[in-house]
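The values are calculated or read from the model by the stated rules, or taken from the named source; none is laboratory data. In this text, all values refer to a predicted model and were calculated from it rather than measured experimentally. Counting neighbours? That spans all protein chains shown, and the Cβs are built from the backbone with ideal geometry, glycine included. When the accessible area is computed, the model is the full protein with side chains, heavy atoms only, and any ligands, DNA or RNA have been set aside. Shrake-Rupley method; radii C 1.70, N 1.55, O 1.52, S 1.80 Å.
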Amino acid sequence: MTISRFRTILFTVAAIVSLAGVADATYLSVQALTGETLSCGGSPDCFRVLGSSYAKVGGIPVALLGAVAYFCVFAFATFAASGYARARTLLIPTVGAMFLATLWFLYVQAFVLHAYCRYCLFSCLLAGLVIAVPSSQEASGP
């Protein structure tokens, strides 16, 4: 398998995973904006995390920011899979920022809230997929 084909497959997988992220974050955003109770699989930790003061930034639900970020990743990954190099240059820092945010939220859940939300831990997979994509220098080899 060529590096170009491998990269296209990874970008396609990243686009699909990001769609799942859009769905997940949109579900949490609707819950946050409407105040509806969501299904957390019976986990009280989920409600503790989503109801905490860390679930909003400046009055905006973090999940809504996540939905926007996941949509951007979907768009960038789709364009990158189609061969647009500029999309890849936008994709990597976006996913990097999402990964750093994920690390922060993991810290908050583990050491501040002592509770974990299954819905909130999704972006690590997406970051791992995009980080695994070979760089342009590797693609120019034989």
When residues of segment 57-81 are limited to those that are out of contact with any helix residue (DSSP H, G or I) (no Cβ under 7 Å at 6 or more places or on another chain) and within 15 Å of A15 (Cα to Cα), the one surrounded by the most Cβ atoms within 10 Å (Cβ to Cβ): A75
Selection count where residues are at pLDDT 80 or above and assigned to a helix (DSSP H, G or I), scope segment 109-139: 5
Which listed residue is exposed (fewer than 15 other Cβ atoms within 10 Å of the Cβ), in a helix (DSSP H, G or I) and among the aliphatic types (A, V, I, L, M), from L28, L19, L106, L10: L106
Of residues in segment 31-50 being in a loop (DSSP other than H, G, I, E, B) and either modelled with pLDDT of 85 or more or hydroxyl-bearing (S, T, Y) (or both), the one nearest to Q109 (Cα to Cα): S43
Subset of segment 87-108 that is among the polar types (S, T, N, Q) and within 10 Å of the chain's Cα centre (by Cα) - its residue that is modelled with the highest pLDDT: T94
Matching option when the condition is open to solvent by 70 Å² or more (accessible area, probe 1.4 Å) and either under 23 Å from I16 (Cα atoms) or within 12 Å of the chain's Cα centre (by Cα) (or both), among Y84, Y54: Y84
Check on T94, open to solvent by less than 30 Å² (accessible area, probe 1.4 Å), touching a Cys at 6+ places or on another chain (Cβ under 7 Å) and not aliphatic (A, V, I, L, M): no
